[in-house]
Amino acid sequence: MITATHPTTQKTKNTKSNLIDVYTEALARFSPEQIYDRYPHNFKSDATGKLRGIPPFRESKSETSFTVFPDGGFFDAGDGFGGYAPDYIHSLKIGRWERARGRDFVAAVRELCALAKPDPQADRAGIPFPELSLSQSEIEKAQKSENRRGILACLIKLGQDTLWSEFGTAARDYLINERGLTEQQIKDFHLGYYRKRSDVVDYLKHKGYTATEIKEAGVALKKWEGYIIIPWLDEGGRPLTLYGRYHQKTAPEGLPKTLALPGIGTKRSPLYLDRAIAAGHKEVIFVEGVFDALLLQALGETRAISGVAASFSNEQIETLKRNRIEKVYHLGDPDGGGIGGTNSNLTRLLKACISVYVPPMLPDSLDPDEFVIRHGIEALKELIERSHHGLRWKAAQIVNKCGLDTDAAKERVLREALEVANSVPSQYKLELETFFWGEIRATMGDMDIDEFRELLERQINNDAQTLSDSSADIPDSFSPNSEYTQQVYNVLYRDKRWICVEGKLYYWETNHYEHSKDVVEKKRIRDFLNTLPKKNKDGEITYPFAKPNCVNNALEWLKMGFGIDPELVNPPGLNCTNGVLKIHWIESTPTWELVPHNPEQYYLYEPVLTYDPDAPQTDCDRLLSALDPAQLTIFLRSVAASLDIQTVRKYKGRLVRALLMKGLGSNGKDSIREVVRLMYGGIGMTGCTLSDFRQYDEGRKFPLSKLGRSRVNWASENASFAKIDSLQSLKAAITGDPLSVENKGKDENEYDPTAVLFFNCNDIPRLTGSMEAIASRYAVLTFNKTFTIDADPSKGEIEADPRFKYDPDFLKTHVLSAFLNRVLSELVNLMSDGIDYRACDRAWNEIKAENSHLFQFTQDVGLSYLEGKEMPVGDIWKLLEGWYQDNGYLSYIESSTGKLKADWTDSPIRGDRLVKGANQVTARILELFPKAKRVVLANNSRVIRGIGIVPSGNGDEGGHNQSHNQLPNPEVLPNNHSKQHNQGDTGNNSSSKEIELNTSPPESQQSLDDENTDYEGSTGSVREIQIQTPRIQNEHNQLNEDGCEEGETGYDSSSMESNSSLTEPHLLKPGTRIIHNESWVGTIQSIHPDGKVAQVYLDLMESVHPVDIDNLKLLDE
């Protein structure tokens, strides 16, 4: 289990209304002996800090089978039941083990609070129970939180056991050889190994957790397989979250090096703060990395903690403050991020009344763990002892940044120094003078710093004294507001915060910036200037500023002062009614945090979305049922990318495609679009159409000007004739390449598009270019269901709810929060698993066929990529000529001279030209197959290399079953790493040819290609083709009724049983599930004519391999 610690108890100043906070404080108040005292357990403490005693509901010969762990959890080995304090209190009441849920959980927490009596001598108040403010949702939230802690504790235990089994050998080697840890240190810090998701599900169910509880905890994830588990505990030593590191130095391509469990508040306490508190420290050493902190702690530096980022989060700083940490040594990584993190921590920690010290930068660009491995822990401690106060470090940073080579540079130093000094809390006045200004004085030489400071302060405070003439008398007639523009500002614009973005004024309104139109502000300025008097030289009162040009000048002057960088507007994350949901990144893993609204966060839209991680999903799921599950995943991950598309592109490249939303009638598209629009407050979504992009390409750039700050561009109406593959601006918008914005009357500016693109298409868009290039940028979602009254599900109908379309308040209160939760979940899945677009293949192929008769031709005759093959151009022409005749495009009629004459019927698809001769074949076929090559052979014959004919068979298209005679997508290059089993030549002269059989695998494998013969050219010669049958992975991470993902059994292949005797050969046939050599499970694809060898798809290898028939047995699943 986990070695836990309890923080020093504190005085509770305010009555808490949050049940989780109340429960957490109550646990921190007691030791395990004080909580588990309702039965004479006769506890004995062992060397690891566990309490072992008599179980309450059965006899125990050893009298030690009931264990209480230092983190407050317990386990009864005889009954196999484990839990935490509420479960114990509830079970002792009813006389049997049972989890405390709902009101039983509340009652247990109430009893804990009752035990926490006030202690005036310890300056400690009692813990009032929040009777009046408690709600059912809060009860459920607290219970879920406690369930999650218990599940994390179980997973940590399972991970430890797995790490020290034969399955954890490679992970242990990595920790010892690459990270410098000993076996004992690995055990002390409870590191583990996540082997298989099914192991986790089985173990947690064995521990009494339901499938729903496992799913809500978010720990049963296939993406964690192969990762080392690092437990992350809160300041009280109880499980908070898990951190994962791949078990090799370099993660395989496509996998992140690190993982973290998602969720709000899961990292609110710095890593290993519990150990620092347990050791009695009031000062800590901040390091960035998990293994930095782990190694330092393991070597005895118990002050080491980590924020697992370049700086602490605001929540972590609150935790430090709450636990009375007084000093932080900031040991950042020796890079730009480390310096930025030091600046961030310095500013925010000082505001929290926590002093900051900065050690010298680590040499040779070493991270802390690398430094310790090379130089030892004592060298690091010596480095810490040479730390400078954070304010001295900041002063040195200012000097290094501005320089001292000129008087102007020195003035910049002092100006920036004064700005920093004014932001430091007043209680640091002594440190400010000693360390900060002391460092500045030491670097300025003979310059009188104090006098210069005084002059700067007077100037900043609008004093009329100037630096160039500090001794001049100030005339009585001087007014610091003598300019009318300054008076406009002081009278009209100092009451609230204002900003100007691209020429528009906005003012702060509680939780966002509200736009104020120029006509409104001009009226206010005009009214003021109309009453602003001035004496002329004759002493007469006049109103010289009551002029249009003065109004305009004042407004432009204000905008110049309020201007901010447009790149800062509407930053990643979401503006919500209850705060700002900020997205944080641990490398490629996203987490999120709800922070208070702040004028420094420049959101220009009023929030309508409330972040509620426990929002009911029912109404949201009803609306989203408009899409099939696989396509819904594509949609949600595309929306999720819009939360921070720049970071998604950083790690995933050009993964996110534009979506063409195809469907007619009442199919839910418009209602879902409205939900996305509301999520971004109504202004984060734009509706630039395909026609707008066409106009941009033609030189009229104004229609795309609104795309500059868009997060989602969803065009509801689009002309079907728009040729999307020829729209260069649309290609740039999809991939994030620069576009230009051209507003009316403004200069042209360049920007990087940050919008995810959706286009409603009732009709099929025109496609004329390379199908392969088009498919890499676009995907098609099909809305083929209909919302109607008295729906018939058998007809693809869904019961209509008018509120989805006509009641925005219903969407805000019943759908929006739940939709956000789905999107956040898919953001995590997007970054770990990417987006599987195969579910769009069928609709995409239909569009291709409707746009290109040649694509339909390739489908009908089986023309596809085939590596190493080639087809004579003449043979392709003969096939195409025959296909034209069969489909009514071409007929031959006899002329008056007795010769045959071609009679062509044009394609009904506009712009889809027919190929009317062999000389046109090469260019048109290469448009469909750009990876193929045109080759002229030695005999001067022309061939296209890289394509061939593949006869139809049972295959799979994008995860959907297809008919027996439907051909593979010609744009999917076949994998070519499977080996032929026969030793003879596999070319045209092969005497041993593989017989084509029914190769359809089970539905759970979803084959993409079949093993078939290939007809090269028109010669009819047969060659063997080896195919691969990849296993399609379920993409929803949904738990079925057994607590597993759909398509999983919950057991790994090593636990499957086979028939004990050899299988009769006649029982083995294609499609049969088998086990090979008592360990490898798979499916027979085909059997060689000699009956000795079979081609078998092995599940764990995810590929086809030749195996001996004698080593196969039928699998009893």
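The values are calculated or read from the model by the stated rules, or taken from the named source; none is laboratory data. Remember, it's a predicted structure, so these values are computed and weren't measured experimentally. Using ideal geometry, Cβ is built from the backbone for each residue, glycine included, and neighbour counts are taken over all protein chains shown.
Screening residue 932 on (1) closer than 22 Å to residue 859 by Cβ; (2) at pLDDT below 85 shows it passes everything except condition (2). Looking across the stretch 667-683, just one residue is modelled with pLDDT under 85, surrounded by 19 or more Cβ atoms within 10 Å (Cβ to Cβ) and of a type in the set (Gly, Ala, Ser), and that is 668.
Please tell me if residue 911 is at pLDDT below 85, within 17 Å of residue 927 (Cα to Cα) and surrounded by fewer than 18 Cβ atoms within 10 Å (Cβ to Cβ). So residue 911 passes the test. For residue 730, the requirement of being at pLDDT 85 or above and closer than 23 Å to residue 930 by Cβ is met. If you filter the stretch 38-55 down to residues that are in a loop (DSSP other than H, G, I, E, B) and touching an Asp or Glu at 6+ places or on another chain (Cβ under 8 Å), you find that the one that is nearest to residue 75 (Cα to Cα) is 55.
Scanning the stretch 600-637 for residues that are of a type in the set (Val, Ile, Thr), buried (at least 16 other Cβ atoms within 10 Å of the Cβ) and under 30 Å from residue 564 (Cβ atoms) returns a single hit, 608. Per the listing 857, 810, the residue uniquely in the same structural domain as residue 639 (by TED's automatic domain parsing), over 24 Å from the mean Cα position of the chain (by Cα) and over 30 Å from residue 261 (Cα atoms) is 810. Scanning the stretch 627-642 turns up no residue that is modelled with pLDDT under 90 and in a helix (DSSP H, G or I).
Can you pull out every residue in the stretch 896-908 that is of a type in the set (Lys, Arg) and surrounded by 10 or more Cβ atoms within 10 Å (Cβ to Cβ)?
Of everything in the stretch 896-908, just one residue is of a type in the set (Lys, Arg) and surrounded by 10 or more Cβ atoms within 10 Å (Cβ to Cβ), namely 901.
The combined condition, being more than 16 Å from residue 417 (Cβ to Cβ), part of a strand (DSSP E or B) and modelled with pLDDT of 80 or more, is not fulfilled by residue 489. The C-beta contact set for the stretch 884-910 (first residue more than 27 Å from residue 858 (Cα to Cα), second residue among the basic types (Lys, Arg) and not in a loop (DSSP other than H, G, I, E, B), distance under 7 angstrom, 6+ apart or interchain) comprises 895/901. Could you check, for the stretch 552-575, whether at least one of its residues is free of Cβ contacts under 8 Å to residues at least 60 places away in the same chain, over 30 Å from residue 833 (Cβ atoms) and in a loop (DSSP other than H, G, I, E, B)? Yes, the stretch 552-575 contains a residue that is free of Cβ contacts under 8 Å to residues at least 60 places away in the same chain, over 30 Å from residue 833 (Cβ atoms) and in a loop (DSSP other than H, G, I, E, B). Please verify whether the stretch 508-529 includes one or more residues that are assigned to a strand (DSSP E or B) and either of a type in the set (Gly, Ala, Ser) or buried (at least 18 other Cβ atoms within 10 Å of the Cβ) (or both). Looking for residues that are assigned to a strand (DSSP E or B) and either of a type in the set (Gly, Ala, Ser) or buried (at least 18 other Cβ atoms within 10 Å of the Cβ) (or both), one finds at least one in the stretch 508-529, hence yes. Looking at the stretch 83-98, can you tell me whether even one residue there is surrounded by 13 or more Cβ atoms within 10 Å (Cβ to Cβ) and more than 25 Å from residue 116 (Cβ to Cβ)? Checking the stretch 83-98: at least one residue is surrounded by 13 or more Cβ atoms within 10 Å (Cβ to Cβ) and more than 25 Å from residue 116 (Cβ to Cβ).
Going through 303, 268, 245, 275 one at a time, which residue ends up being over 22 Å from residue 420 (Cα atoms), touching a His at 6+ places or on another chain (Cβ under 8 Å) and in contact (Cβ under 8 Å) with a residue 24 or more places away in the chain?
Details: 268 fails: touching a His at 6+ places or on another chain (Cβ under 8 Å); 245 fails: touching a His at 6+ places or on another chain (Cβ under 8 Å); 275 fails: touching a His at 6+ places or on another chain (Cβ under 8 Å).
Going through 303, 268, 245, 275 in turn, the sole match is 303.
Screening the candidates 418, 391 for the property of being touching a Leu at 6+ places or on another chain (Cβ under 9 Å), at pLDDT 90 or above and over 22 Å from residue 296 (Cα atoms) yields one hit, 391. Looking across 654, 694, 649, 711, one residue alone is surrounded by fewer than 22 Cβ atoms within 10 Å (Cβ to Cβ) and modelled with pLDDT of 90 or more. It is 649.
Determine whether residue 259 is over 27 Å from residue 385 (Cβ atoms), assigned to a strand (DSSP E or B) and not assigned by TED's automatic domain parsing to the domain that holds residue 49.
Yes, satisfied.
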